[in-house]
Amino acid sequence: MIKSPLQIARESYVPKMPKSLQGTVKIVEGKKTQSVADQAEIEKMFPNTYGMPVITFEAGSEKKEYPAVNVGVILSGGQAPGGHNVISGLFDGLKKLNSKSKLYGFLGGPSGLVDNQYTELTADVVNHYRNTGGFDIIGSGRTKLEEEAQYQKVIENCKALNINALVVIGGDDSNTNACVLAEYFLQKKTGIQVIGVPKTIDGDLKNEVVETSFGFDTACKVYSELIGNIQRDANSAKKYYHFIKLMGRSASHITLECALQTQPNITIISEEVEKKGMTLDEVISSIVDVVVKRADRGENFGVVLIPEGLVEFIPAMKTLISELNDLLAHFDIDALSVESKRERRELVAEKLSPESAEVFLSLPNSFANQLLLDRDPHGNVQVSMIETEKLLIDMVKAKTKKMKKAGEFDGKFSGQPHFFGYEGRCASPSNFDADYCYTLGFTASLLIEEGKSGYMASVKNLTAPADQWIPGGAPITMMMNMEKRHGQMKPVIQKALVDLNGKPFNKLVQHREEWAVNTMYVYPGPIQYFGPASVCDQPTHTLRLEQGK
């Protein structure tokens, strides 16, 4: 591999860590916990891992002797900046606690656990990937571990390597899987621990003990740089409206954070659309209203930020998609002999409720057909493949054209679509994510050596300097509720949506009209890795506002 000068320089970067992890550590246990909802059901399903206390690691005075352990690690789900530093922190932590400990990386995500595809992660391997983006050190995957035969295979493969613990680096679904594995292993008395690490650029894996998921900081900085570039282009050419769709299927955290960093003209927040019960036409009208106001000032250009999952938050569309998810989970449309997409669409409409059928048949053909695309591994519509940005442009264009004919609009409208997704998932981690991820990995090693299972590594006080961060662990069961998946109710980690009463969203609301009518763009520029902490080490606007900073 040919390394860039930046990568060579980043290899020498030493992640900052909490003071409490730099010497002898003691474990402090808090009160027993309970799940965020559906307590009786969750407790019944997880009798061995329910109600455990939150753990904090503090500086200690008594040196401990830890046994050598063999640990397996997987990267699960979509990539997020900092995954390699989690593994680096895990490796260094295990070796610091006992130099004879070994770390094995299972290849390709959860499937590697089942198929016994692995490699030993030695210092030579790990050192090559420190402070780099991507998951290529061992690869990732989206295989779901749901069947007892899979669990037994994992046990068999772990026993062959004398593995004492597994670390699952993933999002809410992957960590739910980790908790299920932990419960099963305890039930079967296998002696194999399971620890989770919170990963997702979407930012929807957070709660009272997980302040942010890793990768969110870096991804938002990457997207904000690109948005800033486009805003400068828009302000230079003064002739296009740029509709930018951003990742975030189930929540609008990325869109909100990027808006706070760049101050675009229009920011659509899915959770707000849902709360207000807005129709698709009302969303279009809100955009057109800004287009008209800016045209009156002679500004026929602008920037619109759109969350990836917007269509699922429009109430009528949400109901439609929910019905489609249930329908296509049990009914194979493609297996039927249909002559055209139109017949396929009519066939689907016949099996929907009258209200959803009406909405489905009223949609533009291209958009309706996108709703019938292949499902993701969880059985849901792949909303990232739905070209919402193009749909909005077409509908705004049609509305402004109609208004122009009626003499209600004297400006111009021309739209340019963009989708920023993969551009941010494997970026070199920001200093914040490099430090945070390394600390998460090191914390995971301590949770393992302290004999814990069914826990997620947690680091709090993240708006303070890294040496003041508070590492620990939280029972995954405390984050769970029951949700419908594949037509059945299942225990899953509750997703964190944008809080419409929270300070980050309220800041957007306070400035929304000002940013809409005026051109007040901010151009963040690229991520800074070297320089003063005020430039290089700052966390997201979201995190600072949430913590009153």
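The values are calculated or read from the model by the stated rules, or taken from the named source; none is laboratory data. Note that the coordinates shown come from a computational prediction; the quantities given were computed from them, not determined experimentally. All Cβ positions, even for glycine, are placed from backbone atoms using ideal geometry, and neighbour counts span all protein chains on display.
Could you say which residue among 292, 283, 273 is farther than 28 Å from residue 80 by Cβ, assigned to a helix (DSSP H, G or I), in contact with a helix residue (DSSP H, G or I) (Cβ under 7 Å, 6 or more places away or on another chain) and modelled with pLDDT of 95 or more? Spell out the reasoning first.
Values: 292 fails: in contact with a helix residue (DSSP H, G or I) (Cβ under 7 Å, 6 or more places away or on another chain); 273 fails: farther than 28 Å from residue 80 by Cβ.
That would be 283, the only listed residue that is farther than 28 Å from residue 80 by Cβ, assigned to a helix (DSSP H, G or I), in contact with a helix residue (DSSP H, G or I) (Cβ under 7 Å, 6 or more places away or on another chain) and modelled with pLDDT of 95 or more.
For the range 484-537, a tally of residues being aromatic (Phe, Trp, Tyr), buried (at least 19 other Cβ atoms within 10 Å of the Cβ) and over 21 Å from the mean Cα position of the chain (by Cα) returns 2. Just one of the numbered conditions (1) assigned by TED's automatic domain parsing to the domain that holds residue 193; (2) within 30 Å of residue 234 (Cβ to Cβ); (3) not hydroxyl-bearing (Ser, Thr, Tyr) is not true of residue 505: (1).
Filtered by the rule that a residue be under 17 Å from residue 210 (Cβ atoms) and either surrounded by fewer than 24 Cβ atoms within 10 Å (Cβ to Cβ) or of a type in the set (Val, Ile, Thr) (or both), the range 447-461 gives 452, 459, 460, 461. Of everything in the range 119-134 that is of a type in the set (Val, Ile, Thr) and part of a helix (DSSP H, G or I), the residue that is farthest from residue 527 (Cα to Cα) is 125. Of the set (1) of a type outside the set (S, T, N, Q); (2) part of a helix (DSSP H, G or I); (3) within 29 Å of residue 526 (Cα to Cα); (4) touching a Ser or Thr at 6+ places or on another chain (Cβ under 9 Å), all apply to residue 306 but (2).
The condition of being modelled with pLDDT of 95 or more, more than 22 Å from residue 435 (Cβ to Cβ) and under 19 Å from the mean Cα position of the chain (by Cα) does not hold for residue 67. Selection within the range 34-83: residues that are free of Cβ contacts under 8 Å to residues at least 60 places away in the same chain and closer than 30 Å to residue 215 by Cβ. The member of this set that is surrounded by the fewest Cβ atoms within 10 Å (Cβ to Cβ) is 59. The single condition from (1) modelled with pLDDT of 90 or more; (2) not in a loop (DSSP other than H, G, I, E, B) that residue 413 fails is (2). Given the condition surrounded by fewer than 17 Cβ atoms within 10 Å (Cβ to Cβ) and within 17 Å of the chain's Cα centre (by Cα), answer yes or no: does some residue in the range 426-446 qualify? The answer is no, given that none of the residues of the range 426-446 is surrounded by fewer than 17 Cβ atoms within 10 Å (Cβ to Cβ) and within 17 Å of the chain's Cα centre (by Cα).
Please give the strands (runs of 3 or more DSSP E) falling wholly within the range 1-78 in which 1 or more residues are in contact with a Lys or Arg (Cβ under 8 Å, 6 or more places away or on another chain), farther than 23 Å from residue 102 by Cα and among the β-branched types (Val, Ile, Thr). Write out each step before concluding.
Details: elements: 25-32, 53-59, 70-76.
Passing ranges, in order: 53-59.
Annotation: of all residues in the range 100-125 being hydroxyl-bearing (Ser, Thr, Tyr) and free of Cβ contacts under 8 Å to residues at least 24 places away in the same chain, the one that is farthest from residue 146 (Cα to Cα) is 122.
Quick grid of which residues meet (1) within 19 Å of the chain's Cα centre (by Cα); (2) of a type outside the set (A, V, I, L, M):
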residue: 222; (1), (2): yes, no
residue: 237; (1), (2): no, no
residue: 244; (1), (2): yes, no
residue: 250; (1), (2): yes, yes
residue: 258; (1), (2): yes, yes
residue: 273; (1), (2): no, no
residue: 284; (1), (2): no, no
residue: 297; (1), (2): no, yes
residue: 307; (1), (2): yes, yes
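Among 239, 188, which is surrounded by fewer than 22 Cβ atoms within 10 Å (Cβ to Cβ) and free of Cβ contacts under 8 Å to residues at least 40 places away in the same chain? Walk me through it before giving the result.
Working: 239 fails: free of Cβ contacts under 8 Å to residues at least 40 places away in the same chain.
Criteria check complete, one pass: 188.
Residue 88 fulfils the conditions (1) in contact with a strand residue (DSSP E or B) (Cβ under 8 Å, 6 or more places away or on another chain); (2) within 28 Å of residue 135 (Cβ to Cβ); (3) buried (at least 18 other Cβ atoms within 10 Å of the Cβ); (4) of a type in the set (Ser, Thr, Tyr) except for a single criterion, (1). Quick one: in the range 242-261, of everything that is of a type in the set (S, T, N, Q) and surrounded by fewer than 24 Cβ atoms within 10 Å (Cβ to Cβ), which residue is modelled with the highest pLDDT? Taking the candidates together, the pick is 261.
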